[in-house]
């Protein structure tokens, strides 16, 4: 029985690549005030690994500075432009322990405590402990025995760089996991970065928020939310909806007691009953979402859904039915459209695709995603 823990392992952070799908160096994209790579290194240092190896495509001053900050050893690929296989080879050659966790630098939500789940399988002739989720291999969140580094190096020298081909030459122990698919979410393109920013924004809130916005009335925001609420309820999520109204409103019925109180000049009218309560408060200006949320019973709500006309907060799902011009700014994390497609690097879906909408909502609120709900986040 394996009795190892993270202190007996080297953490190899695979941080090479050209970020071609991202269009910029993803390692230094800011997330919650720090570069993505720094977030990974910080979590690794806090987890208590014996040592950390940062495997990159070459020596740069910014990489060297991060390595020094987190007491990591910076190593470089012997043969450049060979993808993650080269990072694994270089990282394992520098490892000081028998086993190493190889982790991609672009997985901001990975829980390093998962290593304790797979460590017991590091025994016998096994060379790689390979987690799987919904049948998908996770080779960049796996345990590798130090001697496998030479196998990767030899494969690269032969011109073989595909991880799947190299792994099939090794003694691999697959370990199926039933954990949140969000742990293995990669920030490898601009659309994924938007989603990561939205999820992180909610991590900083007491209760997460999801904004539904559209450039014009008649787009179907209310219908969209009306369909989304029961799908979330099926997954155990209790919601509250805050609607933004540009024209002013009056919920009272003429002649009712509450209407008479308001007409008499009351600044606020409150109705309390055994099944709930209602507050109508006069204001001189529109109140922000956070101000209104503070007035609600936060103990009974797990997600606030806000409906607005192009005035959402991060994260926002933008709806479009060809009316008006959608503001696809930094608050927007996904675009749902019908009848028109705007050129954008956002994830784009059909306006009626509620299965995707509920999965995005769950991801953005940090809810664990299992089975079919999580698969879309494993294949981006």
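Any read-out appearing in this document is the output of simple, stated calculations on the displayed coordinates, not a laboratory observation. The structure presented is a predicted model; accordingly, all values stated were derived computationally and were not measured. Neighbour counts run over all protein chains shown; Cβ positions are idealised from the backbone, glycine included.
Could you tell me the largest-minus-smallest coordinate of the C-alpha atoms of the chain on each of the three principal axes, in descending order and whole angstroms?
Largest to smallest, the principal-axis extents are 85, 45, 37 Å.
Which order results if 125, 180 are arranged by neighbouring Cβ count within 10 Å, fewest first?
125, 180
What order do you get for 197-204, 6-13 when each peptide is scored by the mean count of other beta carbon atoms within 10 Å, highest first?
Working: 197-204: 18.4, 6-13: 22.1.
Packing order, densest peptide first, comes out as 6-13, 197-204.
Calculated FRET efficiency, residue 217 and residue 370, Cβ-Cβ r, R0 41 Å, to nearest 0.05? If you can, show how the numbers build up before the last one.
Numbers: r = 37 Å, r/R0 = 0.91.
In this case the efficiency is close to 0.65.
Which of the peptides 152-159, 141-148 is most tightly packed, and how do the rest follow, going by the mean number of other Cβ atoms within 10 Å of each residue?
Values: 152-159: 16.0, 141-148: 21.2.
In decreasing order of mean packing, 152-159, 141-148 become 141-148, 152-159.
Which value, in nm² and rounded to one decimal, describes the direction-averaged projected area of the C-alpha convex hull of the stretch 6-184? Spell out each step's value before the answer.
Numbers: hull surface 38.4 nm².
Its Cα hull, projected and averaged over all orientations, spans 9.6 nm².
Between 263, 68, 226, which gets the highest mean-square fluctuation from a Gaussian network model of the chain, Cα cutoff 10 Å?
Comparing 263, 68, 226 in a Gaussian network model of the chain, the most mobile one is 263.
Hey, fewest Cβ within 10 Å first, where do 219, 348 land in order?
348, 219
Among 193, 121, which comes first, then next, by fewest other beta-carbon atoms within 10 Å?
Details: 193 22, 121 17.
Exposure proxy ranking, most exposed first: 121, 193.
In what sequence, highest mean first, do 85-93, 234-242, 35-43 appear when ranked by Cβ atoms within 10 angstrom? Numbers along the way, then the final one.
Working: 85-93: 26.1, 234-242: 14.7, 35-43: 21.1.
With the highest mean Cβ count within 10 Å placed first, the list reads 85-93, 35-43, 234-242.
Provide the FRET efficiency to the nearest 0.05 for the residue 154-residue 300 pair, computing r from the beta carbons and using R0 = 45 Å.
Details: r = 60 Å, r/R0 = 1.32.
For R0 = 45 Å, the calculated efficiency reads 0.15.
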